[in-house]
Amino acid sequence: QINFRRSRTFSSGTSFTGDGTIAFGDGAVASTFTFAAAHTFGASGPTIALNSASTIASASALNMAGPFAWNGGTITGAGAPNTTGTTTPNASDGTLSAKSWNNTGTVNFVSRTVNLNDGSIFTNLGGATPGVVNLNTGGFGSNGAGTNAVINQGVFNKNAATGNLNIDPNLSSFTNSG
C-alpha cells in the first residue's frame, strides 16, 4: 500500500499501476491532492482510497475503472469523476463538491452517505451496461447550496432488511427513469 499523507500535485503523465492500494490522506490531517490533467485509474490497477479530512481536486476528468474506497473526504473541481468499477462509500461520509459524477459501475452503500454539495449531480447511467447502486443504509445527502440532484437511468437496488433509504430534503431532485 502507498499512503500519500500530505498535500501534493500530480502532473500529467502520472500513473498508478500494480496491485495494492493507493491511499490519499491519512484520515487525520487536512490534505489536498490535485490532479493537473485528466487521469484514468485503470481496471487492473490498485484500489484507490480517499480518506476523511482529505480532498481530491481536478479541473479535468477522473476516470476510475478499478475499485474506489471512499472512506470520507471530498472530491472537488470542474472535471467529472467517472466510475466504471466498484465504488464503496465506507468508514466516513464522503462529499462531492460542485461536481457531476457519472457511474456505469457499481456503487455499494453499506452504511455511509455521499453528500452532493454546491451544485453536484450523481448520474447512474443506463444503456447497454447500466450503472448499479446497491443500498443497505446510507444514501445521498446535501447542503442545499446550488442544484444538487440524483438521476437514476440504471439500476437501484434497496436491501429491504436494512431499514430506510434516506434521501436528504435538501436535494433539488431525485429522478428515476431506470
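Of all chymotrypsin sites (Phe, Trp or Tyr not before Pro) in the range 17-66, which ones are in loop regions per DSSP and have a Cβ with at most 15 other Cβ atoms within 10 Å?
Values: sites: F24, F33, F35, F41; in loops: none.
Passing both the DSSP loop test and the Cβ count: no residue.
What's the extension gain from T162 to I2 if we count 0.36 nm per residue and subtract their Cα-Cα distance?
Working: separation 160, 0.36 × 160 = 57.60 nm, distance 3.42 nm.
So the extension gain works out to 54.2 nm.
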Exercise. For the chain, what is the relative contact order in percent, using Cα pairs closer than 8 Å and at least 6 residues apart in sequence?
Worked result: 13 percent
Problem set entry | Once exposed loop trypsin sites (Lys or Arg not before Pro) are cut out (DSSP; at most 16 other Cβ, 10 Å), longest piece of the chain | 7-178
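None of the figures in this text is laboratory data; all of them are computed from the coordinates on show. What you are looking at is a predicted structure, and each value in this text was computed from that prediction instead of being measured. Cβ: placed from backbone, ideal geometry, glycine included. Neighbour counts: every protein chain shown.
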